[in-house]
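Right, one structure below, let's go through it.
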Amino acid sequence: MLAPPKFHSMQRSDGRGPDEIRPLNFELNVAPHASGSVLISMGNTRVICAVTIEEAVPRWMKEQGVSGGWLTAEYSMLPYSTHPRKPRDIAKGRMDVNLEKLGPRTIWVDCDVLQADGGTRTAAITGASLAVAIACRKFMREKKLDAAPMQKLVAAVSAGILDGQAIVDLNYEEDKLVSVDFNLVATEDGEFVEVQSSGEEATFAGSELDQMLSLGRKGISALVGAQRAVLARMMVTPPET
């Protein structure tokens, strides 16, 4: 059996250890017209994730007789989220949703970065997963769904190698300095959705990859724990009137 990776006691510029994620907060219902919405804050990165469920599917699904529903996601950094101003851009993603259970509906997920300080995409994935779970619970409470279409929570986190040390959840300054960049997206039970790593003008060893993966899995576990805590509180909190 391989020994677990060892991490040095490096302290980062913001006081965190190499295996610590930034302070995390979820603010719910920030977009009142959405079926579910979350403002996720990870350190100084802030992303609004809003979910709208539409009682329709794309035209091509009807034409081709495809059953179930559809999910589409858009990620955008608002122009004022960085300094200097950033032009608008859009990227698509996906969630772990059973589209058959969704029925003939479309889930729209809109992620807008309000403030960027590293890890905007990973924060968007983590916040969007929670927003989808909240929206699906709302539809089940309203008897619009017989079974929850969302199969598993999903979370994402970054990691990297800085001065020979593996660290997790990079802020912007760290992201600029790392020699290796790593991103991990995984489900709540530890199954991988995406593992992506690249050397920034450098190669990296298998041991360094193992260290980043180990830190990433620990970070995912913390993020999923925070997601679950929010959903658990919702189970005992009376719904808003």
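Structural remarks
- Short-range pairs are left out: with C-alpha atoms under 8 Å and at least six residues apart, the relative contact order of region 179-241 is 29 percent.
- Treating r as the C-beta distance of S67 and S198 and R0 as 30 Å, the FRET efficiency rounds to 0.20.
- Helix 120-141 axis, angle to the chain major axis (alpha carbon atoms, nearest 10°): 30
- Taking Cα atoms only, the orientation of helix 206-236 departs from the longest principal axis of the chain by about 40 degrees.
- Diffusion coefficient, µm² s⁻¹, Stokes-Einstein with Kirkwood Rh over alpha-carbon pairs of region 58-193 at 20 °C and 1.002 mPa s: 128
- Dipole magnitude of region 52-171 about its Cα centre (Cβ charges: Lys, Arg +1; Asp, Glu -1), debye to nearest 20: 340
- Per-atom-type breakdown for the chain gives carbon and sulfur 52% of the accessible area (1.4 Å probe, protein chains only).
- Take the Cα radius of gyration of the chain and divide it by 2.2 N^0.38 Å, N being the number of residues; the result is 1.06.
- The chain: relative contact order as a whole-number percent, Cα under 8 Å and 6+ apart: 18
- Calculated accessible area for the chain comes out at 54 Å² per residue, all protein chains present (probe 1.4 Å; ligands, DNA, RNA ignored).
- With 0.36 nm allotted per residue and the present C-alpha distance subtracted, the R228-S207 stretch has 4.4 nm of extension available.
The values are calculated or read from the model by the stated rules, or taken from the named source; none is laboratory data. Because the structure is predicted, anything quoted here is derived from the model rather than measured. Reconstructed Cβ throughout: ideal geometry from the backbone, glycine too, with neighbour counts over all protein chains shown. Heads up: the accessible areas ignore ligands, DNA and RNA and are worked out on the full protein's heavy atoms, side chains in. Shrake-Rupley method; radii C 1.70, N 1.55, O 1.52, S 1.80 Å.
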